[in-house]
1. Which of the peptides 432-443, 269-280 is most tightly packed, and how do the rest follow, going by the mean number of other Cβ atoms within 10 Å of each residue?
2. State the antiparallel share, in %, of DSSP beta bridges confined to the range 484-598, rounding to the nearest 5.
3. Please report the orientation-averaged projected area of the range 326-469, defined via the convex hull of its C-alpha atoms, in nm².
4. May I ask which residue of Gln662, His636, Gly649 lies farthest towards the positive end of the charge dipole of the range 617-676, with charges of +1 (Lys, Arg) and -1 (Asp, Glu) on Cβ and the Cα centre as origin?
5. Using 7 Å Cα-to-Cβ label points, what is the Leu323/Ser4 separation (nm, one decimal)?
6. I want the antiparallel fraction of DSSP beta bridges within the chain, as a percent rounded to 5.
7. Which whole number in µm²/s is D for the range 476-594 by Stokes-Einstein, with the Kirkwood Rh taken over Cα pairs at 37 °C and 0.692 mPa s?
8. Based on the inverse mean of 1/r over its pairs of different Cα atoms, what is the Kirkwood hydrodynamic radius of the range 401-604, in Å?
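No lab work stands behind these numbers, since they all come straight from the coordinates. Keep in mind that this is a model prediction, so the values were computed, not measured. Here Cβ is always computed from backbone atoms with ideal geometry, including for glycine, and neighbour counts include all displayed protein chains.
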Amino acid sequence: MSGSLPATPKVPFGGDYNPEQWPEDVWKEDYRLFDAARIDTVTLGVFDWALTQPAPETYDFTVLDRVVARAAAAGRRICLATGTGAHPAWLARAYPEVTRTDFEGRRHRFGQRHNSCPNSPVFRRLSAELARRVARRYAGNPAVVAWHVGNEYGGACYCELCAAGFRDWLRARYGTLTALNSAWYTTFWSHTFTDWDEIEPPSALTEHWRGPNHTAFQGTTLDYLRFMSDAMLANFRDEKAAIRESSDLPVTTNFMGMYRPIDYHRWAPHLDFASWDNYPPDDESPSWMALAHDLMRGLKDGQPFWLMEQTPSYTASRDVNPLKRPGVMRLWSWQAVAHGADAVLFFQMRASRGACEKYHGAVIGHAGRQDTRVFQEVAALGAELERLGPTTLGARTPARVALLFDWDSWWALEISDGPSRHVRYQQVVLAYHRALWDAGVDLDVVPVTADLSRYDVVVAPALHMVKGDLAARLEEVAARGGSVVTTYLSGRVDEFDNAFLMDVPGPLGALMGIRIDEWDARAPEVVNPVRLTGGDAPVEVESRLVFELVVPEGAEVVGTYGADFYAGTPAVTRNDFGAGHGWYVATGLDQAGVSWVLRRVLERHDLVGPYADVPNLEAAVRVAPDGTRLLFLLNHDAEPVEATAHVGGVDLLTGDRIAPGQPLRLDPRGVLVLRHTA
């Protein structure tokens with residue numbers, strides 16, 4: 001079973017449950033309410049380290065035994081955590097080196113949760129031992145379907161243990177100081193290293209000023225970001241190896257979507273299935289969530305993922321925590337399923353009484369009522385998922401479009417001095433994903449190492465770093481008739497964050513048919529209009545932040561700047577390459593401009609979706625293992641939306657039959673799941 005999703009008869013529905021916070025007489029009422037809401041899966045023991053190991057040589061499973069036994073007796077499936085999401089107070093007191101040293105050089109004391117040094121031998125030994133004992137004790141329980149390691153890994157440490165670990169990591173990566181000095185370009189500012197022990201972690205005390213993104217040596221900081229991601233991965237792998245001594249059930253940890261500190265692509269091969277916690281930045285972010293879902297699905301080459309956490313109502317961690325409007329929780333849950341979720345789980349099942357998450361939303365509030373709107377909406381969704389049964393399990397997205405997402409480019413771009421610190425990688429990627437999402441395209445979000453042979457269109461926004469054979473593989477896409485789209489600040493540096501000794505955009509230049517000798521950067525309020533031609537009529541859009549001055553070397557000019565001394569020069573180009581094209585967008589176009597470009601690309605390949613021109617109506621397709629095609633239509637508007645069915649079939653949520661060409665009306669925030677016949 002290793003390397004696969006948990007075996008379940010339907011989409012698991014439930015979430016994080018912490019009965020250890022409550023007297024046992026509350027548990028009985030909880031399970032009565034779980035029955036009413038069709039809750040069939042609970043995640044247990046995420047923060048139980050202090051409970052199950054109250055002292056260095058003492059393990060006490062008395063409470064966890066009762067928690068697990070109660071869930072199993074009630075017929076619930078269990079995602080059982082190792083309990084290592086936060087270390088206990090006794091551990092920090094006995095071994096002060098276990099707590100982290102922050103970017104400013106301050107050694108932390110016990111507190112919060114992401115406070116364990118990933119390179120502490122004591123932490124690694126004791127966390128793995130706890131995982132070993134938990135797995136050994138409960139591996140034979142048939143209610144347990146998956147293991148949950150840690151919780152929302154993140155943060156960084158800069159202690160002496162991490163410094164030593166960094167040096168070991170560098171020795172393994174570079175082999176010699178000569179190679180390291182070359183990669184880090186240490187002839188600059190007299191930084192040449194003559195001994196490994198001279199190397200310090202890049203922090204506020206060494207290479208940085210004004211914070212983590214301002215560094216004198218980008219190569220050093222980039223490698224420390226890679227190292228710290230790998231160090232926390234080693235913690236996960238420690239626990240997974242301990243679990244494997246007694247169980248082959250699938251193992252995961254909960255990711256956080258587009259989370260900068262950890263390269264989830266480097267982690268993905270070590271998880272049996274991906275899972276993540278969906279807490280969008282505001283209450284109106286359907287395209288942001290679509291990108292995050294697609295990214296999580298792409299971690300395991302299109303394998304479905306688990307939605308491990310979402311709030312049923314509101315969060316408690318932001319300055320402002322909006323309430324999900326009626327229907328939004330259901331809509332966003334179905335959006336997750338539409339993009340590949342094979343589980344819909346919440347944080348939290350019962351609201352905590354104290355501490356920082358007491359006002360975080362929960363299925364069951366402090367009063368324990370079931371007549372609240374939130375509980376009733378959860379129960380209604382549970383009933384829908386029960387009716388759905390196994391239909392969507394294992395279903396894949398039939399994508400012909402790929403969007404490249406690269407943590408190295410993200411890191412390198414945002415720690416770069418110049419051209420503009422206002423350019424944010426995630427915002428650039430969001431704009432291009434949003435254009436594809438608006439066009440109703442089924443797409444994969446994949447790493448730069450992915451096989452691109454099955455895609456007709458590859459979109460690579462802000463591909464700042466070009467590694468390995470990526471440029472050649474992108475050329476192959478275009479040569480066989482596909483289209484490749486990339487943007488400003490792409491093709492700038494190699495894997496060490498050193499500039500290519502060639503014309504910009506470096507190895508992408510031949511595919512794009514251009515060169516760039518100069519670039520301009522202006523404050524965010526400065527707008528340069530761009531005139532786009534090649535559609536039904538010329539269109540004028542806005543561009544901001546960075547304006548590259550393009551010299552065509554075979555490429556056709558599609559858009560031109562309208563202002564400054566470079567007015568009339570290319571801003572958007574298209575180059576014939578083999579049977580296909582390379583598109584280059586040399587500036588930060590507004591959303592209308594990005595959408596205009598990508599519509600031209602998609603139209604060439606007949607990939608614009610049938611509902612692309614219906615505002616706020618999202619369409620997504622999944623194909624089940626037996627070949628069944630499922631069309632999801634989601635109305636993200638607070639008003640009804642009308643459209644025309646382009647295929648016929650059965651709405652799995654209502655049982656209604658729908659014929660091709662039939663008018664459709666989706667209620668405000670309504671959902672249709674069509675098992676269709678064509």
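1. Details: 432-443: 23.2, 269-280: 20.2.
The densest-packed peptide leads the list: 432-443, 269-280.
2. Once the DSSP bridges in the range 484-598 are tallied, antiparallel ones form about 90 percent.
3. Averaged projected hull area, Cα only: 12.8 nm².
4. Sorting the options by dipole projection puts first Gly649.
5. 4.4 nm
6. Numbers: 57 of 98 bridges.
Around 60 percent of the beta bridges assigned by DSSP in the chain are antiparallel ones.
7. Numbers: Rh = 14.5 Å.
The calculation lands on 227 µm²/s.
8. Numbers: mean 1/r = 0.0604 Å⁻¹.
Roughly 16.5 Å, rounded to one decimal.
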